Amino acid sequence: MTAKYRVGILGCGGMSRNHVNGYQICGRYEIVALADLNESAMAEMDGRFNLATKHYTDARDMLANENLDVVSVCTWHSGHAPWTVTAAAHKPKAILCEKPMADTLGAAEQMLVACRRNGVKLAIAHQRRFLPAYTLAKNLIAQGAIGQVHLIQSFGGDGLPNYSSHQTDMYRYLLSDDECEWVMGNIERKTDQYERNTRIEDAALCVFQFKSGPRALLLSDLVPNHYQGAKIFGSDGMIDMTTEQLMIMNKDTGGKWELHEPDGKFFTVKEKGQRFEWDEGAAAQADELADWIEDKVVHRGQGQNGYKALQMIHAVYESARMHEKVIMPVRTRVNPLDLMVESGHLTPERPGRYDIRAFLLRGERMASDNQ
Ligand SMILES: NC(=O)c1ccc[n+]([C@@H]2O[C@H](COP(=O)([O-])OP(=O)(O)OC[C@H]3O[C@@H](n4cnc5c(N)ncnc54)[C@H](O)[C@@H]3O)[C@@H](O)[C@H]2O)c1
């Protein structure tokens, strides 16, 4: 039997459970160590997944002692870069880091550099790339099933960096990783709102132009219902896609909606219901990571794709800051939203900092430790 890859989890909150779940389902990994500031988070993880791991309240000790093949970085956003850079220095085979890749483009670039110079494969956890409905839509578009794509429309919420980095990544995935050419957007920020300790806007409207012609329109925190998925309008048809299913209308369907509910590599929508997108996404993402380690494929969540998804979000902020159409790449390396607020150009009219994910914190903490 092939030896399993030794995994250490850095940050043992909600989303790290999805990593552990994925590693376990795909069967090619062994979770050997956990690191968290809270012993209780690690104990809960062991209990939930029936693990016997070593616990570290200082993640540096885990990285130094455990000879890990794979490190999952699952802290809040601002911890992604420092911990990925720290983990990369120990030369694991791969790092799977949560999205959004970082809180600034400068920090995200450091992650790419650190992983490159240490020979570490870096993947960013935009796991919806592994959903069969997304891949079916991508393939149908590539085959010309709806003609030339004119518009992809999606609806986000809870700020751009967290929720909508999945969507900017989705646009590129649907378009076979086409490059974004320019971005125009505006934001409203009347309150001092944060999401997992990252400053966010109250609402945003964004247009993304892609090199091969399509454009995407994102309404974030503007309409009541937001969801992961998209409505895609082409010259010869339309696709309406969610995380579980896809409907297509074109001349082959006689102008009627045709429903597809494709099976995943590990599960079917029927057997998993609402768990499908999480279990399938996590397992397929982990499975492809092992294939990447073995040089069979390049992981579809490779760091460069995570970087581009983040760059499109920061291009919206940069467009609002500079009052211009931002031609890619974005050249401002700090977070343009932070810059606007800290320079006094976007002072909250209703002051008082609050974090919409403060409920995730344990004990007496009311703010993240940043890393
Ligand atoms: N891919 C997705 O669909 C998806 C979904 C939800 C969350 N996420 C991402 O996952 C990340 C984590 O979110 P979450 O909801 O799991 O948060 P969480 O608060 O539940 O978990 C974060 C954990 O990190 C720990 N931590 C903080 N600093 C640490 C340090 N220095 N060393 C070790 N551990 C430390 C905390 O104690 C906490 O247990 C976020 O960046 C979020 O955007 C991704």
Item checked: Restricting segment 135-164 to residues that are within 13 Å of the ligand (Cβ to nearest atom) and assigned to a helix (DSSP H, G or I), the residue that is surrounded by the most Cβ atoms within 10 Å (Cβ to Cβ) -> L160
Margin query: If I327 meets every condition in (1) under 20 Å from F208 (Cβ atoms); (2) within 16 Å of the ligand (Cβ to nearest atom) apart from one, which number is that one?
Written below: (2)
Check: What about D202, is it surrounded by fewer than 19 Cβ atoms within 10 Å (Cβ to Cβ) and either within 16 Å of the ligand (Cβ to nearest atom) or under 30 Å from P351 (Cα atoms) (or both)?
Finding: yes
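Residues are listed down the side, and each one gets a yes or a no for (1) under 30 Å from L339 (Cβ atoms); (2) among the β-branched types (V, I, T):
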residue: Q193; (1), (2): yes, no
residue: N197; (1), (2): yes, no
residue: I200; (1), (2): yes, yes
residue: K231; (1), (2): no, no
residue: K265; (1), (2): no, no
Margin query: Within segment 37-104, considering only strands (runs of 3 or more DSSP E) that don't extend past its boundaries, which have at least 1 residues that are more than 10 Å from the ligand (Cβ to nearest atom), under 23 Å from the mean Cα position of the chain (by Cα) and crowded, with 24+ Cβ neighbours inside 10 Å?
Written below: 70-73, 94-97
Notebook entry, point to check: Here are A320, A284, A315: which of them is under 23 Å from L96 (Cβ atoms) and either not in a loop (DSSP other than H, G, I, E, B) or not aliphatic (A, V, I, L, M) (or both)?
Noted result: A284
Next item on the list: Evaluate segment 23-32: report whether one residue or more is modelled with pLDDT of 95 or more, within 9 Å of the ligand (Cβ to nearest atom) and under 29 Å from L310 (Cα atoms).
Entry: no
Next item on the list: Mind listing just one residue for me: the one in segment 15-28 that is under 22 Å from the mean Cα position of the chain (by Cα) and over 18 Å from E98 (Cα atoms) and, of those, most open to solvent (accessible area, probe 1.4 Å)?
Entry: I25
Item checked: Only listed residue being part of a loop (DSSP other than H, G, I, E, B) and open to solvent by 20 Å² or more (accessible area, probe 1.4 Å), chosen from K256, K308 -> K256
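The values are calculated or read from the model by the stated rules, or taken from the named source; none is laboratory data. Because the structure is a prediction, the values reported are computed rather than measured. Here Cβ is always computed from backbone atoms with ideal geometry, including for glycine, and neighbour counts include all displayed protein chains. Heavy atoms of the whole protein, side chains included, go into the accessibility calculation; ligands, DNA and RNA do not. Shrake-Rupley method; radii C 1.70, N 1.55, O 1.52, S 1.80 Å.
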